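The values are calculated or read from the model by the stated rules, or taken from the named source; none is laboratory data. Since we're looking at a predicted model, the values are computed, not measured. Here the Cβ is made from the backbone with ideal geometry for all residues, glycine too, and neighbour counts use every protein chain on show.
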Amino acid sequence: MSKMLRVKHLLGIKDLHREDIDLILQTADTFLDVINRPIKKVPSLRDTTIVNLFFENSTRTRLSFELAEKRLSADVLNFTASSSSVSKGETLVDTVNNILAMKVDMVVMRHPQAGAAKFLSERVDSVIINAGDGAHEHPTQALLDAFSIKRKLGTIEGKRVMIVGDILHSRVALSNIFCLQKLGAEVGVCGPPTLIPRYLNELGVYVETNLQKALQWCDVVNMLRIQLERQDIQYFPSNREYTKHYQLNDNRLNALDKKIVVMHPGPINRGIEITSDVADGPHSVILDQVESGVAVRMAVLYLLAGRSAD
Ligand code: CP
């Protein structure tokens, strides 16, 4: 296996070869050991400066990238759009070029516009890592989800993963579909028909609108929240109606003739798409996903830093 990624930037899972994903997950295994040692730090990126540019709110991704950078001994700058000169009308490219002029080597960016990371990668001279662009892709979330499934089940090949909820507005769903299919899993989606885009049939995804049937089909269920902030119209009658048909709760899990792994990328809306009993229950790996996120992001940063001089 090549020890270098074939891509200079991480813009989306769609651009990655299976070998790239395998290399990231293999490297993340090493970093998972590192972050569980008494001394959780390695000097790998001590000559590298990284900026985290967040134009949209985040808890997990932002802190996880920052921690991953610090665990690798990089110098870290954090940028929040609301307190910057973006509010005075500065463009994205001008903002980033000014930051790069301060001798910054890599850019991690979350942005509300789909395609923002690719746009930037074509206009500035730096490594760009997409930390979520609109409803398009969230590549490190998909990589950490795959890593978490591998940790729990030993393999991804041949497993059936069902993604439930607001598929239409979800960058997590799209990146997970690309990632899991490349790794040999079968992927299904479940939700109200209004929240399932038609193009999914062309991606070879199993589409199911009945949650109980969807749960019986899968080995792993990944629950998504309803992204009200991205919805311009009402896609279902009410939260109560949604909960009745699409909430993961103990009754639904107990009615299965098998145990399934429960995942959620966060943030959770407790009592809407998932009950607390299930989110905090024995089959949930939700906090393991968060731990995996640091190791996977360390792997991505480490591997792409090796390409930063290209
Ligand atoms: N999963 C995820 O992207 O969470 P944040 O929005 O908190 O980063």
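Taken together, the criteria exclude ALA131 from residues that are within 16 Å of the ligand (Cβ to nearest atom), outside any strand (DSSP E or B), assigned by TED's automatic domain parsing to the domain that holds ASN52 and at pLDDT 95 or above. Being of a type in the set (Asp, Glu) and touching a strand residue (DSSP E or B) at 6+ places or on another chain (Cβ under 8 Å) is a description that applies to ASP133.
Applying the condition of being more than 24 Å from THR91 (Cβ to Cβ) and within 16 Å of the ligand (Cβ to nearest atom) to the stretch 47-81 and asking which residue is surrounded by the most Cβ atoms within 10 Å (Cβ to Cβ) yields ALA68. Please indicate, with yes or no, whether at least one residue in the stretch 53-73 is β-branched (Val, Ile, Thr) and over 30 Å from ILE39 (Cα atoms). Among the residues of the stretch 53-73, not one is β-branched (Val, Ile, Thr) and over 30 Å from ILE39 (Cα atoms), which makes the answer no.
Of all the criteria given as (1) of a type outside the set (Lys, Arg); (2) over 17 Å from the mean Cα position of the chain (by Cα); (3) in a strand (DSSP E or B), the one not satisfied by LEU53 is (2). Here the helices (runs of 4 or more DSSP H) wholly within the stretch 223-291 that include at least 2 residues being farther than 27 Å from ARG151 by Cα and hydroxyl-bearing (Ser, Thr, Tyr) are 239-246.
Checked against (1) in contact with a His (Cβ under 6 Å, 6 or more places away or on another chain); (2) within 14 Å of the ligand (Cβ to nearest atom); (3) assigned to a loop (DSSP other than H, G, I, E, B), ASP166 passes all but condition (1).
Counting the residues of the stretch 192-220 that are hydrophobic (A, V, I, L, M, F, W, C) and either in contact (Cβ under 8 Å) with a residue 60 or more places away in the chain or touching a Ser or Thr at 6+ places or on another chain (Cβ under 8 Å) (or both) gives 2.
Filtering GLU66, GLU90 for residues that are under 24 Å from HIS264 (Cα atoms) and either at pLDDT below 95 or acidic (Asp, Glu) (or both) leaves a single hit, GLU66. The number of residues in the stretch 137-163 being within 13 Å of the ligand (Cβ to nearest atom) and either among the small types (Gly, Ala, Ser) or surrounded by fewer than 24 Cβ atoms within 10 Å (Cβ to Cβ) (or both) comes to 2.
Of the residues examined, HIS136 is not one that is at pLDDT below 95 and touching a helix residue (DSSP H, G or I) at 6+ places or on another chain (Cβ under 7 Å).
Remark: pairs (first residue in the stretch 41-61, of a type in the set (Gly, Ala, Ser); second residue more than 16 Å from the ligand (Cβ to nearest atom) and not in a loop (DSSP other than H, G, I, E, B); Cβ separation under 6 Å; 6+ apart in sequence or on different chains) = SER44/TYR302. Would you be able to say whether some residue in the stretch 254-268 is over 30 Å from VAL107 (Cα atoms) and polar (S, T, N, Q)? Scanning the stretch 254-268 turns up at least one residue that is over 30 Å from VAL107 (Cα atoms) and polar (S, T, N, Q).
A Cβ distance below 6 Å, combined with a sequence gap of six or more or placement on separate chains, defines the contacts here; from the stretch 102-121, residues that are under 22 Å from ASP75 (Cα atoms) reach residues that are assigned to a helix (DSSP H, G or I) in the pairs VAL108/PHE65; MET109/ALA117. Do we find that ILE226 is more than 16 Å from the ligand (Cβ to nearest atom) and either surrounded by 12 or more Cβ atoms within 10 Å (Cβ to Cβ) or farther than 24 Å from GLY134 by Cβ (or both) in this structure? Spelling it out, it is not the case that ILE226 is more than 16 Å from the ligand (Cβ to nearest atom) and either surrounded by 12 or more Cβ atoms within 10 Å (Cβ to Cβ) or farther than 24 Å from GLY134 by Cβ (or both). Within the stretch 95-126, the only residue that satisfies the criterion of being loosely packed, with under 13 Cβ neighbours inside 10 Å and not in a loop (DSSP other than H, G, I, E, B) is ASN98.
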